[in-house]
Amino acid sequence: MIVKVRKKKLEKMHLYFYILTMYDAIVIGGGPSGSTISRKLAEAGYDILLLEKEVMPRYKVCAGGVPSIIEDMLTVDLSPIKEKEIKTIILRKGKKESKITFDAPVLFTVRRDFFDSYLLDLAFRQGVEVKYEKAIKITGRIVITDKSSYEGKVIIGADGAASIVRKNVFTPERWLKSVEAEIDGDWDNTVFIDVFSHFGYRWIMPKRGRISAGAGGLSRYVKNLEDMLYALLNEMHIKGLPSIYHYGYPIWFSPKSLVRDNIILVGDAGGLANPFSGAGIFTGIFSALIGAYSVDNFLKSSAPLEQYDYLLKAFIYPELKAAFRLAIPFYLLPVSFTPFSWIKNTAKYWGKYSGYITIRKKLWRGI
Ligand SMILES: Cc1cc2nc3c(=O)[nH]c(=O)nc-3n(C[C@H](O)[C@H](O)[C@H](O)COP(=O)(O)OP(=O)(O)OC[C@H]3O[C@@H](n4cnc5c(N)ncnc54)[C@H](O)[C@@H]3O)c2cc1C
């Protein structure tokens, strides 16, 4: 009994002892969304603490396809971490296939261990304090980790698919189930996407000396993803022993708000992955940039943090809504009822800014 009381007292002392520094913002998670928002806020002169549970570089299950526009959005040179620049997209549904080669690259691929640690290093160089600690609980302005506790005026949840910060804000409604294989080998600078009926797809993304291949779809509908993936590897004569990873994450489904009191959510923590393609790096980074702008206004002039929701609705949600509306007929209709123009246009605008809005407009015009 005495031992128990002492232990509790010690825990309390430990908590008060460490609440010494008040940060302007504490960012939980050092993926692309977390490192971008923290770098931007540090650039604006704020004291930022970033907590990351894994020591970088760490493996992250991801095909690593990034739209080329990201480089301009981040205003940093990404050439050191680019694996392959992609000019050709092949999109297939059943026997209908569209192959489009662009004049300039529309995507590049990355290895997430290198990409994420590169972005985190840029944040660190900008003055962000990085601590390898796991956030366990948020109470008001206090973040309790496995090692200590910290206080921040704003708490930013950038802790990905299994976010603990999200519990304080909302519950996502749709989840994507995926399986990914990393295989040593070579594949040319082409991205291959194969849609199969009932909300599923498979892909091949080339890296340097490595191929990322996978299958994914809405968790409610897709089954046997591993079998689908092995069938694709066989069909494409991709040999070698793949390392297989399973991963689930939320996709966008019109959340009411990603803000609660002094907390905001960015990237996968906010369930911002694209409901058509499952891609979340672009929306994660975009939400981080909008988030940095909103947090800056909150800290410097007490503008409501809800400005973040407003900007998401103005700049990101229209594109995600268009992607969602495209996904329903595209994945649900049998191949024979899917016009070839849909497949061609979707390939043509893959990776483009506002691409899904453009595709939707074009689909209904039948161009
Ligand atoms: C199989 C697969 C393929 C994909 N392919 C693509 C693709 O080709 N293109 C694309 O754009 N997107 C793709 N995605 C989606 C993409 O991986 C995510 O959308 C993206 O990683 C989101 O970035 P983020 O920074 O929000 O979260 P994450 O990258 O998940 O980063 C979150 C970070 O938070 C850390 N963390 C978690 N919990 C805690 C905690 N309690 N305390 C401290 N730190 C914590 C984690 O260690 C992690 O480093 C794919 C996903 C999967 C599963």
Check your understanding: How do the pairs read when you match residues in segment 25-53 that are closer than 10 Å to ALA123 by Cα with residues anywhere that are of a type in the set (Val, Ile, Thr) and assigned to a helix (DSSP H, G or I), using Cβ under 8 Å and keeping only pairs 6 or more apart or on different chains?
Key -> THR36/ILE285; ILE37/VAL295; LEU41/VAL295
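Whether any residue in segment 263-278 is part of a helix (DSSP H, G or I), near the ligand (Cβ under 10 Å from one of its atoms) and among the acidic types (Asp, Glu) is what I want to check.
Initial filter on segment 263-278 (part of a helix (DSSP H, G or I)): 267-270.
Restricting the remaining residues to those that are near the ligand (Cβ under 10 Å from one of its atoms) gives 267-270.
Imposing the further condition that a residue be among the acidic types (Asp, Glu) reduces the set to 268.
Scanning segment 263-278 turns up at least one residue that is part of a helix (DSSP H, G or I), near the ligand (Cβ under 10 Å from one of its atoms) and among the acidic types (Asp, Glu).
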Revision key, fill the gap. When (1) in a loop (DSSP other than H, G, I, E, B); (2) farther than 30 Å from PHE102 by Cα; (3) of a type in the set (Asp, Glu) are applied to ASP227, the one that fails is (1)
Study note, to complete from the structure: Taking segment 122-133 and keeping only residues that are within 10 Å of the ligand (Cβ to nearest atom) and either part of a loop (DSSP other than H, G, I, E, B) or within 18 Å of the chain's Cα centre (by Cα) (or both), one is left with TYR132, GLU133
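Looking at segment 323-350, which of its residues are under 16 Å from LEU272 (Cα atoms) and of a type outside the set (Phe, Trp, Tyr)?
Taking segment 323-350 and keeping what is under 16 Å from LEU272 (Cα atoms), we get 323-325, 327.
ALA323, ARG325, ALA327, listed by residue number.
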Revision key, fill the gap. Among residues of segment 106-126 being among the aromatic types (Phe, Trp, Tyr) and touching a strand residue (DSSP E or B) at 6+ places or on another chain (Cβ under 7 Å), the residue surrounded by the most Cβ atoms within 10 Å (Cβ to Cβ) is PHE108
Review point. Of the residues that sit in segment 48-70 and are assigned to a loop (DSSP other than H, G, I, E, B) and among the small types (Gly, Ala, Ser), which one is nearest to the ligand (Cβ to nearest atom)?
Key: ALA63
**Study point:** Matching residues, segment 76-121, being assigned to a strand (DSSP E or B) and among the charged types (D, E, K, R)
**Key:** GLU85, ARG92, LYS93, LYS96, GLU97, LYS99
Review point. Does at least one position in segment 66-77 carry a residue that is among the acidic types (Asp, Glu) and under 21 Å from ILE136 (Cα atoms)?
Key: no
Check your understanding: What is the residue count in segment 58-85 for residues that are within 17 Å of the chain's Cα centre (by Cα) and in contact (Cβ under 8 Å) with a residue 40 or more places away in the chain?
Key -> 15
Practice item. Can you work out which of the residues in segment 179-231 that are hydrophobic (A, V, I, L, M, F, W, C) and at pLDDT below 90 is farthest from TRP350 (Cα to Cα)? Key: VAL222
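In segment 169-228, which residue that is of a type in the set (Ser, Thr, Tyr) and surrounded by 21 or more Cβ atoms within 10 Å (Cβ to Cβ) is nearest to the ligand (Cβ to nearest atom)? So that I can check it myself, show each step before the final result.
Keep residues of segment 169-228 that are of a type in the set (Ser, Thr, Tyr), which gives 171, 178, 190, 197, 201, 212, 219, 221.
From what's left, surrounded by 21 or more Cβ atoms within 10 Å (Cβ to Cβ): 178, 201, 212.
Numbers: SER178: 4, TYR201: 11, SER212: 8 Å.
Ranking the candidates gives SER178 first.
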**Study point:** Residue among THR88, THR101 that is in contact (Cβ under 8 Å) with a residue 40 or more places away in the chain and surrounded by fewer than 21 Cβ atoms within 10 Å (Cβ to Cβ)
**Key:** THR88
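Being within 12 Å of the ligand (Cβ to nearest atom) and either touching a residue at least 24 places away in the same chain (Cβ under 8 Å) or of a type in the set (S, T, N, Q) (or both) is the requirement here; does PHE115 meet it?
yes
Just to be sure I understand, how many residues within segment 241-250 are touching a residue at least 60 places away in the same chain (Cβ under 8 Å) and either closer than 17 Å to ALA158 by Cβ or not in a strand (DSSP E or B) (or both)? Before you say what the answer is, go through the steps one by one.
Let us first name the residues in segment 241-250 that are touching a residue at least 60 places away in the same chain (Cβ under 8 Å), namely 242-250.
Next, only the ones that are either closer than 17 Å to ALA158 by Cβ or not in a strand (DSSP E or B) (or both) stay: 242, 249-250.
The number of residues fulfilling the criteria is 3.
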Exercise for review: Go through segment 199-218 and give me each residue that's touching a Ser or Thr at 6+ places or on another chain (Cβ under 7 Å) and farther than 15 Å from TYR245 by Cα.
Suggested key: MET205, PRO206, LYS207
Practice item. Report, ordered by the first and then the second residue, all pairs with beta carbons closer than 8 Å, sequence separation of six or more or different chains, a first member in segment 196-219 that is touching a residue at least 40 places away in the same chain (Cβ under 8 Å) and outside any strand (DSSP E or B), and a second member that is away from the ligand (no atom under 13 Å from the Cβ) and of a type in the set (Asp, Glu). Key: none
Exercise for review: Enumerate the pairs (first residue in segment 259-287 and in contact (Cβ under 8 Å) with a residue 12 or more places away in the chain; second residue anywhere and charged (D, E, K, R) and near the ligand (Cβ under 8 Å from one of its atoms)) with beta-carbon separation below 7 Å, excluding pairs fewer than 6 apart on the same chain, so at least 6 apart or on different chains.
Suggested key: ALA269/ASP159; GLY280/ASP268; GLY284/ASP268
Review point. From the residues in segment 283-306 that are farther than 19 Å from ILE28 by Cα and in a helix (DSSP H, G or I), which one is nearest to the ligand (Cβ to nearest atom)?
Key: ASN297
Review point. If you scan segment 134-163, which residues turn out to be near the ligand (Cβ under 9 Å from one of its atoms) and surrounded by fewer than 17 Cβ atoms within 10 Å (Cβ to Cβ)?
Key: LYS134, ILE136, ASP146, ALA162
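The values are calculated or read from the model by the stated rules, or taken from the named source; none is laboratory data. Everything quoted here is computed from the prediction, not taken from an experiment. Virtual Cβ from ideal backbone geometry, glycine too; neighbours counted across all protein chains shown.
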